[in-house]
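Structure first, then comments.
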Amino acid sequence: MTSRDFGRRIAAIAVAPLFCLALATSAAADRLQYGWQKVDGINIFYREGGSANGPTIVFLHGTPASSIQYESVMEQVVAATGAHVIAMDYPSFGYSDAPDHQTYKYTFDGIAVTVARFLEARKIERYALFMQDYGVPVGFRLIQDKPQAVTAIMVQNGVIHLDGFPVAQDPNGEVRRHWQERNPEVDRRRTATTAALKFPTAEAAADSATLGPDAVLLRMVSEQRPGVIEARNDLWFDYGSNVARYSQWQSLLKSLKVPVLVVWGDRDKFFTTPGAKAYLRDAPLAEVHVLDVGHFATLEAPGQVAGLIADFVKRHDLH
């Protein structure tokens with residue numbers, strides 16, 4: 001071995017630990033942190049990551065999931081952009097406390113107030129919103145209250161138009177009638193469905209193949225806690241309050257001067273693709289992407305969704 005070869009080998013050996021340290025540091029930076037924030041006596045679970053100096057993206061989850069639906073997407077967005085990301089579980093969802101529905105009002109107004117106070121407690125004053133399903137009516141309440149706080153709007157399979165909401169289009173249909181006058185039979189069916197949730201084995205949980213067993217298991221354990229189904233039934237009964245505000249939110253979206261991203265799972269039978277295209281009526285410059293997945297695109301195709309978010313963030317100044 002020549003002295004030059006020996007020198008190169010020594011240099012490589014010296015650099016290798018530094019390279020490994022850089023990889024480890026990068027991986028650690030991408031990893032999310034977890035915690036509980038006390039809000040009005042309720043322990044709210046959250047996932048958080050990224051740089052405090054980066055633009056903040058608040059992820060609002062849907063039902064019957066929780067912030068776990070964003071785990072992989074949040075990590076990938078941090079790795080690609082360095083953004084500050086945070087997602088919380090609403091009361092009775094995921095790992096958050098489930099106060100009794102007699103003492104905590106499970107309405108969308110109530111959830112939105114809790115989320116707003118959570119953001120205040122975490123000292124988050126300016127942020128982009130990524131909203132899915134129930135997260136959309138929660139998020140639009142935040143926007144309505146403080147439009148100046150919002151730097152961008154991102155929506156995934158969640159509506160502010162009846163176009164993409166087939167089961168709610170008939171004013172005389174069961175769903176709309178339930179929202180006007182509570183139907184005990186609807187509550188009983190929802191309660192029975194929750195009681196029938198099973199541990200995600202190969203035989204018992206078809207959803208595990210696409211959503212992942214962790215999300216399925218957390219849903220089962222969370223929903224079958226005492227009092228949770230009553231809370232969820234209250235919240236579903238209140239959903240009609242969202243439909244009543246659709247026209248307000250459409251006008252609000254027209255007035256906002258922020259970038260809009262719409263990502264949609266085309267195989268969603270509950271919130272259908274016309275709901276994605278309807279956003280263009282209020283935000284003609286919105287970027288709309290339709291994916292070949294179902295209701296929970298962030299669980300079924302996290303790489304695709306994260307890529308779209310990262311590209312969107314890089315092209316817009318969200319500070």
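None of the figures in this text is laboratory data; all of them are computed from the coordinates on show. Owing to the predicted nature of the structure, the values given are computational and were not obtained by experimental measurement. In this analysis, Cβ positions are derived from the backbone assuming ideal geometry, glycine residues included, and neighbour counts consider all displayed protein chains.
Out of the GluC sites (Glu not before Pro) in the range 203-268, which ones are loop residues according to DSSP with at most 11 other C-beta atoms within 10 Å? Walk me through the intermediate numbers first.
Working: sites: E203, E223, E230; in loops: E203.
Within the range 203-268, the qualifying GluC sites (Glu not before Pro) (loop, at most 11 other Cβ atoms within 10 Å) are E203.
How large is the charge dipole for the chain, taken about the Cα centre, if only the Cβ atoms of Lys, Arg (+1) and Asp, Glu (-1) carry charge, to the nearest 20 debye?
On the way: 32 positive and 35 negative charges, 138 e Å.
Approximately 660 debye in magnitude.
Could you list the trypsin sites (Lys or Arg not before Pro) in the range 216-258 that lie in coil according to DSSP, counting only those with at most 15 other Cβ atoms within 10 Å of their Cβ?
Working: sites: R219, R232, R245, K254, K257; in loops: R245, K257.
Within the range 216-258, the qualifying trypsin sites (Lys or Arg not before Pro) (loop, at most 15 other Cβ atoms within 10 Å) are K257.
Kirkwood Rh, the chain, all Cα pairs: how many Å? Intermediate results must be reported in sequence, preceding the final value.
Numbers: mean 1/r = 0.0480 Å⁻¹.
One over the average 1/r among Cα pairs gives 20.8 Å for the chain.
Can you give the calculated 222 nm mean residue ellipticity of the chain, where each DSSP H run of n ≥ 4 adds -39,500 (n - 2.57) and the sum is split over every residue, rounded to the nearest 500 deg cm²/dmol?
On the way: 14 runs with 149 residues, N = 319.
One gets -14000 deg cm²/dmol as the mean residue ellipticity at 222 nm.
Rounded, prolate or oblate: which one fits the range 155-271, using the alpha carbon gyration tensor with axes a ≥ b ≥ c (rounded when a/c is under 1.5, else prolate when a/b beats b/c, else oblate)? Could you put the intermediate results ahead of the total?
Values: a/c = 2.19, a/b = 1.35, b/c = 1.62.
The shape class here is oblate.
Give K123/K277; K254/K314; K146/K254; K198/K277; K105/K257 a once-over and call out the pairs whose C-alpha atoms are over 27 Å from each other. Can you show the working numbers first?
Working: K123/K277 34 Å; K254/K314 23 Å; K146/K254 16 Å; K198/K277 36 Å; K105/K257 33 Å.
Result: K123/K277; K198/K277; K105/K257 exceed 27 Å.
Can you check what the net charge comes to around H61, using other residues whose Cβ is under 9 Å from the Cβ of H61 (Lys, Arg +1; Asp, Glu -1)? Don't jump to the answer; show the numbers that get you there.
Working: positive: none; negative: D89, D133.
Net charge around H61: -2.
Where a Cα-Cα gap under 13 Å defines reach, which aspartates and glutamates qualify for K38, not counting those fewer than 8 residues away within the same chain?
Partners within reach: D89, D97, E120.
Between helix 302-315 and the chain, what is the angle of the helix's C-alpha long axis to the longest principal axis, kept within 0 to 90° and rounded to the nearest 10?
Approximately 80 degrees, to the nearest ten.
Quick one: length gained pulling R315 to R225 fully straight, 0.36 nm per residue minus the C-alpha distance?
Numbers: separation 90, 0.36 × 90 = 32.40 nm, distance 4.31 nm.
Result: 28.1 nm gained on full extension.
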